[in-house]
Amino acid sequence: MEQRIHISEVDNKSALCFDTGLDQRSFARTKMSQTLINPGFLVNPDGSHEAWKITGVNEINGFMRVYGPYVPGKRLDLLIEEIDPSQSPDSKQEALEAVINWSKAKMFLGDTHSSINPGASFVSKEGNVFFAPEHISNRCLFIEGNEIDKYNCPDLIGMDTTAFCAGVMLYKILTGIHPYSSNDIFQDMREGIFLHVHLAAPGLNPQLSELIQAALMLPAKKKNKQNTATKSGTDILAGILEILTGKDNKAASVSSLFDTLTSEKGKQFEKEKKIYLFNRNRLVKVKRYIINNKYLLIGIAVGLSFALFILFSTVINISNRPTTEGMSPETVITSYYDAFSSLNHQFMEACIKGADRSDINAATSYYVVLKQRQVYEGTQASSIIQARVWQEMGGKLPSPNVFGVTDLKIDHVSGDEDGGLIVFNVNYNLWSPFDNFAKHLNDILTLKQDKRKCWRIIEIIRTES
């Protein structure tokens, strides 16, 4: 396969190149040049990142090539697809570390949109991760022959997309096979049709196996509108990184993720695998037959049982989910900033509906860092001090480990509770472990009652003074 995204020489210097497969006339007619302003991103191991921009276009053998500054590393999809333990015993470990660094970089970027296809990412051994501009990279991957992106489900958005992609890549690395091998790849994704992780990788760490399984089931949960799933994409990704990064904050070895199986246990897994595949294949055939002949078949009993099962599961999930039920708008606002200070991103999710999620992504990132630090130090004690507690203790500067909100002031701007829509002006100081002094921020919050009459934040307009 000819690689259309690759490192090559331009003007005697290494550069990242995109071979468009278009001649000069076609390049102009498709207005490809208008997409060249879209940036890529280079994310460093410490979480800092910078924009990467295309710097030029030239013609090679009659076809237009787009290029930009050299980026270190190897293409992520090739690291995964070309694993060959017989020739390179370290190839599987290298691919695992690349996926870990890619997942961290995605969490560091948060809401910043970046390409999700592994073929558009380069990962270095030092942990630098590059995300190519999405439009031009998708064009190149398509003409490479990758018409189907087998690492991503088009139904998912946000961090669910990242968690699903990471789950598929880890499945391929740890089992040696791709979870979706049929021609109906997207239908299999949406219906959760794949060999379950614990059967595909016998002996794999049970917690890791469960998290990968949860990641691969995200499209099926979305298709069935099970939005109250106990694990979001953010939770799944945070859990995976916690397991895969050891006490020294380095990637775990592949061998350490597996337990040695006895001969008897191995035979038991093989027997269970055969039974599962037999039942699954039969179920898929029946299910697809019903779908294709739904106007000829009447499945009232089956449909009723399925509906009751979904209803029962939904009721349980809703009852366990954090909610703002019974809270006034002012209490929701106060609780939201308190949850931010305590890194309680689950409750922050309950307070938000359609508003900017930057705070939730920041809290999640800090949460992951905190958990990794606790594993490294072998303690459950938090290394981050809540800003309100620190202030109550005297608030002495500098404040290197302080995080959260202090001096919260809420003023009513417009609207009322009877009207179901209300706007507040919120002033506060935000303390960060990376700064010795607080930032004074002003948020304009708009709250609206949802269908359950719970007040939730639908818009956050933030300014810094």
Extreme residue, farthest from SER232 (Cα to Cα), among residues of segment 126-170 that are of a type in the set (Asp, Glu) and in contact (Cβ under 8 Å) with a residue 12 or more places away in the chain: GLU144
Taking segment 134-187 and keeping only residues that are assigned by TED's automatic domain parsing to the domain that holds PHE27, of a type in the set (A, V, I, L, M) and buried (at least 21 other Cβ atoms within 10 Å of the Cβ), one is left with ILE136, LEU141
Could you please let me know if ASN425 is in the same structural domain as TYR336 (by TED's automatic domain parsing), under 27 Å from ASP111 (Cβ atoms) and out of contact with any helix residue (DSSP H, G or I) (no Cβ under 9 Å at 6 or more places or on another chain)? yes
Looking at this structure, is GLU50 free of Cβ contacts under 8 Å to residues at least 40 places away in the same chain and surrounded by 15 or more Cβ atoms within 10 Å (Cβ to Cβ)? no
Suppose the filter is of a type in the set (Ser, Thr, Tyr), in contact with a helix residue (DSSP H, G or I) (Cβ under 8 Å, 6 or more places away or on another chain), more than 30 Å from SER365 (Cβ to Cβ) and part of a helix (DSSP H, G or I); does SER33 pass it? yes
Scan segment 26-35 and give yes if some residue there is in contact with a Pro (Cβ under 7 Å, 6 or more places away or on another chain), more than 30 Å from THR175 (Cβ to Cβ) and of a type outside the set (Gly, Ala, Ser), otherwise no. no
GLU464: among the charged types (D, E, K, R) and closer than 17 Å to ILE360 by Cα, yes or no? no
So which residues in segment 328-380 are touching a Phe, Trp or Tyr at 6+ places or on another chain (Cβ under 6 Å) and outside any helix (DSSP H, G or I), if there are any at all? LEU343
Just checking, does segment 197-210 include any residue being on the phi > 0 side of the Ramachandran plot and modelled with pLDDT of 90 or more? yes
Return yes when CYS153 is in a loop (DSSP other than H, G, I, E, B), more than 16 Å from ILE240 (Cβ to Cβ) and touching a Lys or Arg at 6+ places or on another chain (Cβ under 8 Å) and no when it is not. yes
Are any of the residues in segment 77-85 of a type outside the set (A, V, I, L, M), assigned to a helix (DSSP H, G or I), farther than 26 Å from ILE243 by Cα and in contact with a helix residue (DSSP H, G or I) (Cβ under 6 Å, 6 or more places away or on another chain)? no
Keeping to segment 411-433, report how many residues are part of a loop (DSSP other than H, G, I, E, B) and within 19 Å of TYR337 (Cα to Cα). 2
Candidates ILE360, ILE410, ILE352, filtered to the one that is farther than 26 Å from ARG321 by Cα and hydrophobic (A, V, I, L, M, F, W, C): ILE410
Looking at segment 156-195 only, could you name the residues that are part of a loop (DSSP other than H, G, I, E, B) and either touching an Asp or Glu at 6+ places or on another chain (Cβ under 7 Å) or β-branched (Val, Ile, Thr) (or both)? ILE157, ILE177, TYR180, SER182, ILE193, PHE194
Is it the case that segment 394-407 has a residue that's closer than 24 Å to GLU349 by Cα and either of a type in the set (Lys, Arg) or over 29 Å from the mean Cα position of the chain (by Cα) (or both)? yes
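The values are calculated or read from the model by the stated rules, or taken from the named source; none is laboratory data. Everything numeric in this text was worked out from a predicted model, so none of it was measured. Note that each Cβ is placed from the backbone with ideal geometry, even for glycine, and that neighbours are counted across all protein chains shown.
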